[in-house]
1. If Pro28 satisfies all but one of (1) of a type outside the set (S, T, N, Q); (2) open to solvent by less than 80 Å² (accessible area, probe 1.4 Å); (3) within 20 Å of Asp185 (Cβ to Cβ), what's the number of the condition it fails?
2. I'd like to check something: does region 97-114 contain any residue that is touching a residue at least 60 places away in the same chain (Cβ under 8 Å), open to solvent by 10 Å² or more (accessible area, probe 1.4 Å) and on the phi > 0 side of the Ramachandran plot?
3. Looking for whichever is open to solvent by 20 Å² or more (accessible area, probe 1.4 Å), of a type outside the set (S, T, N, Q) and either over 23 Å from Tyr165 (Cα atoms) or in contact with a Phe, Trp or Tyr (Cβ under 8 Å, 6 or more places away or on another chain) (or both) here; the options are Pro294, Pro255. Which one fits?
4. So how many residues does region 38-71 have that are over 23 Å from Lys103 (Cα atoms), open to solvent by 10 Å² or more (accessible area, probe 1.4 Å) and not aromatic (Phe, Trp, Tyr)?
5. Yes or no: Gly444 in contact (Cβ under 8 Å) with a residue 12 or more places away in the chain and under 21 Å from Lys309 (Cα atoms)?
6. Of all helices (runs of 4 or more DSSP H) completely enclosed by region 163-276, which ones contain at least 1 residues that are over 30 Å from Ala422 (Cα atoms)?
7. Looking at region 423-433, is at least one residue among the β-branched types (Val, Ile, Thr), open to solvent by less than 50 Å² (accessible area, probe 1.4 Å) and in a strand (DSSP E or B)?
8. Any residue in region 282-296 that is under 17 Å from Phe419 (Cα atoms), modelled with pLDDT under 95 and small (Gly, Ala, Ser)?
Amino acid sequence: MRFLLVAALMFVVSLTSRLIAAEPLTPPALWKDYDLNRGDFKEEIIRQETKDGVFSRDSYISAYVLGEEVRVYCRYSVKAGAKNAPGLLNVHGWMGAPNADRKYVDDGWAVMAHDYCGKTGDRPHFTKYPEALRHGNMDSKVAGPARAKKLDGEFITDPKQTSDYLWYAIQRRVLSYLEQQPEVDRSRLGATGYSYGGTLMWNLATDSRVKAVVAYFGIGYNDYYRDKQVWLYNVPYVEPPKSPGEEIILASIVPEAHVPFITAATLFLNGSNDHHGGHERGLESFKKFPKNVPWSFAIQARGHHDTEKIDHDTKFWLEKHVLGKEVNWPEQPRSAIRLDADGVPELVVTPHSPEKVRKVEMYYALKNPVSFTRSWRDVTSTQRGEQWFGKLPVLNVDDYVFAFANVTYDSTIVRSTDFTAAIPSKLGSAKATDKPSDNLSSNGYGGWTNIAELEGRKGIRGFRSTNNQRGSGTEQLSDPKWRAPEKTSLSFKFYCTEPQTIVLTAADHNSVELEITASDDWQEMTVASDRLINRFSQKPLADWSSVGKIHFLPKSGFDLTKIIFADFKWVSASMK
């Protein structure tokens with residue numbers, strides 16, 4: 001009997017040990033044995049010069065990862081003759097190229113950029129991965145990254161099999177190279193990362209050598225959650241099973257896994273409609289930050305991989321946390337959705353230091369759980385005492401209403417409130433006061449990208465595109481208020497004195513070329529859905545009611561910025 005008990009106990013201990021061993025590694029466990037200073041840099045200088053008071057150098061150095069040598073391409077710039085300059089690691093985005101940000105060089109920083117993309121196109125210089133680590137090359141024509149699956153299609157069994165592990169290791173090695181430059185004060189190091197470089201920032205923020213990081217996009221549960229459309233406000237909310245590879249990367253590789261272990265002051269800049277920086281899930285991460293580690297975020301309303309309206313926060317953040325300057329960074333503003341006395345939802349914002357607030361900009365959206373396709377409406381806010389209030393009229397009290405606000409201080413620093421969501425009927429006796437509208441221009445043109453609003457002939461208000469390369473578009477069609485009724489066509493006015501050809505795209509994959517004729521007066525065009533052809537199926541768009549966004553671009557050789565658009569509306573399809 002005693003033998004059986006001992007055998008059973010040993011079996012339980014053995015099983016428990018195997019289960020514990022099978023648990024995915026946390027980031028600290030993953031990196032505890034990594035020696036970022038191992039081996040000689042073997043610096044190979046490709047180019048160096050001093051021009052206009054700036055010293056710059058392109059070089060290759062060696063990083064040693066998983067027993068292999070990677071030759072990392074680096075670009076470095078600093079003011080000539082600088083001493084004790086703060087160091088800044090500047091990390092590029094997906095399929096990007098390294099460039100030392102000149103505005104920081106001019107401001108006295110020693111800036112290092114490096115390539116982690118690897119071989120692509122005909123670039124003369126790039127990071128060279130050995131064959132054993134060929135998955136470090138981003139370009140799928142060369143290798144393609146390994147994430148939950150290896151290049152052979154098999155699920156990973158170790159986080160070190162991912163491309164991200166290589167990219168994390170390389171950037172830490174480049175940080176070592178930066179801190180050893182003779183001009184650099186190694187006690188003052190910071191980093192910025194754009195797009196996928198923003199993804200990489202969350203790992204670098206766990207490196208104790210770094211005082212502060214700024215991540216542009218790059219967090220928000222992209223892996224698994226975005227890939228499988230597990231949106232936070234899906235109704236019903238269901239999480240499908242995770243693959244073995246997904247379990248591993250979610251525990252040790254993705255940005256969110258690093259958050260509880262971050263030591264660097266972290267600023268997150270994102271667009272509310274960005275595809276690579278999930279809005280509400282991204283902000284959920286800040287609830288897991290270690291105590292006493294500074295953090296902040298700002299969200300650009302309707303931003304699509306664009307943060308130009310909030311980008312100036314970066315300079316303040318780095319000066320405060322790397323340079324040690326006296327910067328009065330305001331505390332996080334509070335916000336909540338509640339019902340007013342009439343049952344209409346409203347957003348209430350309580351900022352810190354209200355006497356220093358320059359403006360409060362509120363935004364809200366209805367129903368749509370997909371963060372990057374929401375249509376955000378501007379909200380008129382009014383101040384009463386130390387709080388700001390804005391009405392959020394809804395069409396259905398049983399659908400979600402989403403809201404947030406940007407608080408701008410007299411210093412120009414912008415802080416966003418938390419992402420706020422509520423179902424009005426669950427707040428009390430809610431009332432729906434909004435109605436559907438066929439007039440897409442009834443709320444102005446705040447929901448369009450890259451435009452300047454203006455007044456054309458006969459006092460008609462419209463807009464002109466300001467970016468001929470990127471064009472202009474809107475996700476307003478995803479708002480239940482302006483979604484197209486079935487069997488309708490899109491109508492709009494235009495004013496243009498030179499003939500142009502433009503491309504109208506709907507829901508990303510359906511498009512049609514439109515001839516814009518010249519005239520000294522306003523003209524009108526009606527576009528039926530079946531004129532737009534899907535580039536994959538080559539079938540016409542069945543109905544406008546399935547479309548959430550539209551976008552205008554010029555045909556090659558034409559100029560979209562010379563056209564004024566106005567009066568978008570839905571009309572009976574018989575008018576096509």
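The values are calculated or read from the model by the stated rules, or taken from the named source; none is laboratory data. Please read all numbers here as calculations on a predicted model, not as lab measurements. Heads up, the Cβs are rebuilt from the backbone with ideal geometry, glycines too, and the neighbour counts pull from every protein chain shown. For the accessible areas, the whole protein counts, side chains as well, though only heavy atoms, and no ligand, DNA or RNA atoms are used. Shrake-Rupley method; radii C 1.70, N 1.55, O 1.52, S 1.80 Å.
1. In the conditions (1) of a type outside the set (S, T, N, Q); (2) open to solvent by less than 80 Å² (accessible area, probe 1.4 Å); (3) within 20 Å of Asp185 (Cβ to Cβ), Pro28 misses (3) alone.
2. no
3. Working: Pro255 fails: open to solvent by 20 Å² or more (accessible area, probe 1.4 Å).
Testing whether each residue is open to solvent by 20 Å² or more (accessible area, probe 1.4 Å), of a type outside the set (S, T, N, Q) and either over 23 Å from Tyr165 (Cα atoms) or in contact with a Phe, Trp or Tyr (Cβ under 8 Å, 6 or more places away or on another chain) (or both) leaves just Pro294.
4. Within region 38-71, the subset over 23 Å from Lys103 (Cα atoms) is 38-46, 60-71.
Narrowing the set further to residues that are open to solvent by 10 Å² or more (accessible area, probe 1.4 Å) leaves 38-46, 64, 66-69, 71.
Now restrict to residues that are not aromatic (Phe, Trp, Tyr): 38-40, 42-46, 66-69, 71.
The number of residues fulfilling the criteria is 13.
5. Details: in contact (Cβ under 8 Å) with a residue 12 or more places away in the chain: yes; under 21 Å from Lys309 (Cα atoms): yes.
It is true that Gly444 is in contact (Cβ under 8 Å) with a residue 12 or more places away in the chain and under 21 Å from Lys309 (Cα atoms).
6. On the way: elements: 163-179, 196-204, 244-252, 255-258.
Of the helices (runs of 4 or more DSSP H) lying wholly inside region 163-276, those with at least 1 residues that are over 30 Å from Ala422 (Cα atoms) span 163-179, 196-204, 244-252.
7. Here is the first cut: in region 423-433, the ones among the β-branched types (Val, Ile, Thr) are 423, 433.
Next, only the ones that are open to solvent by less than 50 Å² (accessible area, probe 1.4 Å) stay: 423.
Now drop any that are not in a strand (DSSP E or B), which leaves none.
There is no residue in region 423-433 that is among the β-branched types (Val, Ile, Thr), open to solvent by less than 50 Å² (accessible area, probe 1.4 Å) and in a strand (DSSP E or B).
8. yes
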